[in-house]
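Below you'll find the structure, written out as structure tokens, and then a few comments.
The values are calculated or read from the model by the stated rules, or taken from the named source; none is laboratory data. Keep in mind the model is a prediction, meaning the values are calculated, not measured. Cβ placement follows ideal geometry from the backbone for every residue including glycine, while neighbour counts extend to all protein chains displayed. Keep in mind that these areas ignore ligands, DNA and RNA; they rest on the heavy atoms of the full protein, side chains included. Shrake-Rupley method; radii C 1.70, N 1.55, O 1.52, S 1.80 Å.
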Amino acid sequence: MAEHVDPTAHAEKATISAYPVGLRLAGRRVVVLGGGQVAQRRLPALMAAGADVTLISPSATPSVDVMAETGEITWIKRRYEDGDLADAWYVLVATTDPATNAAASAEAERNRIWCVRSDDAEAATAWTPATGRGDGVTVAVLTGHDPRRSAAVRDAIVEGLRDGSIAAPQHRARTPFVALVGGGPGDPDLITVRGRRLLAEADVVIADRLGPRDLLDELPPHVEVIDAAKIPYGRFMAQEAINNALIEHAKAGKSVVRLKGGDPFVFGRGMEEAQALAAEGIACTVVPGISSSISVPGAAGIPVTHRGVAHEFTVVSGHVAPDDPRSLVDWASLAKLTGTLVILMGVDKIGKIAEALVAHGKAPDTPLALVQEGTTAAQRRVDATLATVAETVRTREVRPPAVIVIGDVVTEGPNKPMA
């Protein structure tokens, strides 16, 4: 009778996976052989784990050399010798000499020291997983002999944890928070990784009209989304009502995100909100955002600085006209600057702003661009000069939100002005 052979037996044996475990190396001796690129990549994680790292190698990359100079590792400048692994808990063998690697691996085997080999994974007693961290979680991926796939899986998981697309509820009690989050100029992809993660953890989101609205559709159904423009003001001013809403939800023990366009501290009244929370004993986290003052011109092909053209740029609020007694802007000084002038919230006042700049010495033919709905699908660029901008805004029906860029950089970008 013929012996039955399981055709999958060999495949199963060949794909036996490693037993995953997390090594706690703080204060324990780790030896690294070879000071090349492999060591350069692996050393930071070993140091972050608190390992007492000894590098044995006659040479090292400049980055590894700096680690030794600053005392982060101990560097013995010679080749490996038998006995170098004494008292080690973990060894990384990464020299360019196969004989040295084999000898060190054999010593590790004799002394029951877990050993990783960069040149021959099959001869090693341990494998290094593709590792990443996101949202307080360490992700380690092993796929046998396919390190690129390991890295791809790791990256996908870490990115999902960071941007909130992978929602893993925390079952232990978490501390409620208040975060003032800059959402960037409008494109939802331009919010910071941290900002997107905090959005995914929020119970309440108080959003501005200029924040990245598309992100709100991604929030779970239980999240309360409050349009800041529709908060009833009653006897309060608008900002006071927003402050009170932040305080009320924070005191109710909820995780609150105040989602703003651009950056919270660039004409975003973020400091007013932080001060109101602090007055009530409520701490908050400020998450910077990409400011529209730089990103929107860039998206329209306009550099706010350019070699030989502009060595400075100034950002100004145009929400009050130059002749308004509330204005804090020194328009006379701005007219004398040779760099780029970026004006936010100034579409409806641009005629008076242009007149003031020209009156104080700015050339009437100074080029100017208005970028409406920057970084979004509705982005639109309209070019003019200080002399023509008032009429251009009227005839071309330019509407807020729009960023106004004034200066010679307007003509330097790769994008042609709209006809």
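Table for the structure above
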{"quantity": "Partners for Lys352 among aspartates and glutamates (Cα-Cα distance below 15 Å; same-chain residues under 8 apart left out)", "calculated": "Asp323, Asp324, Asp330, Glu391"}
{"quantity": "Cα convex hull volume per residue for segment 358-412 (Å³)", "calculated": "80"}
{"quantity": "Whole-Hz couplings from phi, Karplus 6.51/-1.76/1.60, listed for segment 45-50; x for Gly and Pro", "calculated": "5, 5, 5, 5, 7, x"}
{"quantity": "Given Lys230/Lys349; Lys254/Lys349; Lys260/Lys349, the pairs whose alpha carbons are separated by over 29 Å", "calculated": "Lys254/Lys349"}
{"quantity": "Convex hull projection area averaged over all views, the chain, Cα basis, nm²", "calculated": "32.8"}
{"quantity": "For segment 266-419, the spread of Cα positions along each principal axis, largest first, Å", "calculated": "53, 37, 34"}
{"quantity": "Neighbourhood net charge (13 Å Cβ-Cβ; Lys/Arg +1, Asp/Glu -1) for Thr61", "calculated": "0"}
{"quantity": "Probe 1.4 Å, protein heavy atoms only - accessible area per residue of the chain in square angstrom", "calculated": "55"}
{"quantity": "Around Pro232: net Lys/Arg minus Asp/Glu count, Cβ-Cβ under 14 Å", "calculated": "-1"}
{"quantity": "Relative contact order (%) - the chain, alpha-carbon pairs under 8 angstrom, separation at least six", "calculated": "10"}
{"quantity": "Cα pair distances in segment 137-293, grouped into 5 Å bins until the bin that holds the longest one, percent each", "calculated": "2, 9, 17, 20, 19, 13, 8, 5, 3, 2, 1, 0, 0, 0"}
{"quantity": "Amide proton proximity set for Thr314, modelled H, under 5 Å, gap of 5+", "calculated": "Thr340, Leu341, Val342"}
{"quantity": "Dimensions in Å of segment 221-265 - Rg and Dmax from alpha carbons", "calculated": "11.2, 32"}
{"quantity": "Listed peptides 342-354, 316-328, 358-370, 253-265 by packing density, highest first (mean Cβ within 10 Å)", "calculated": "253-265, 342-354, 358-370, 316-328"}
{"quantity": "Considering only segment 301-419, percent of DSSP beta bridges that pair antiparallel, nearest 5", "calculated": "75"}
{"quantity": "Packing-based order for 43-51, 18-26, using average beta carbon neighbours within 10 Å, highest first", "calculated": "43-51, 18-26"}
{"quantity": "For peptides 209-216, 71-78, 105-112, sequence by mean Cβ density within 10 Å, most packed first", "calculated": "209-216, 105-112, 71-78"}
{"quantity": "Rounded percent of accessible protein surface that carbon and sulfur make up, the chain, 1.4 Å probe", "calculated": "53"}
{"quantity": "Values of log10 I(q)/I(0), in the order q = 0.26 Å⁻¹, for segment 38-123 under a Debye, Cα-only, solvent-free model", "calculated": "-1.56"}
{"quantity": "Residue among Gly22, Thr338, Leu142 farthest towards the positive dipole end of the chain, charges placed on Cβ", "calculated": "Thr338"}
{"quantity": "Coordinate range along principal axes, alpha carbons of segment 220-320, Å, largest first", "calculated": "55, 34, 26"}
{"quantity": "Estimated inter-spin distance, Leu337 and Ala283, nm [label 7 Å along Cα→Cβ]", "calculated": "3.6"}
{"quantity": "Options Ile242, Val205, Pro185, ranked by Cα towards positive dipole end of segment 182-246, top entry (Cβ charges)", "calculated": "Ile242"}
{"quantity": "Equivalent ellipsoid, segment 330-373 (semi-axes from 5 times Cα gyration tensor eigenvalues, Å)", "calculated": "17, 11, 10"}
{"quantity": "Neighbourhood net charge (12 Å Cβ-Cβ; Lys/Arg +1, Asp/Glu -1) for Ala94", "calculated": "0"}
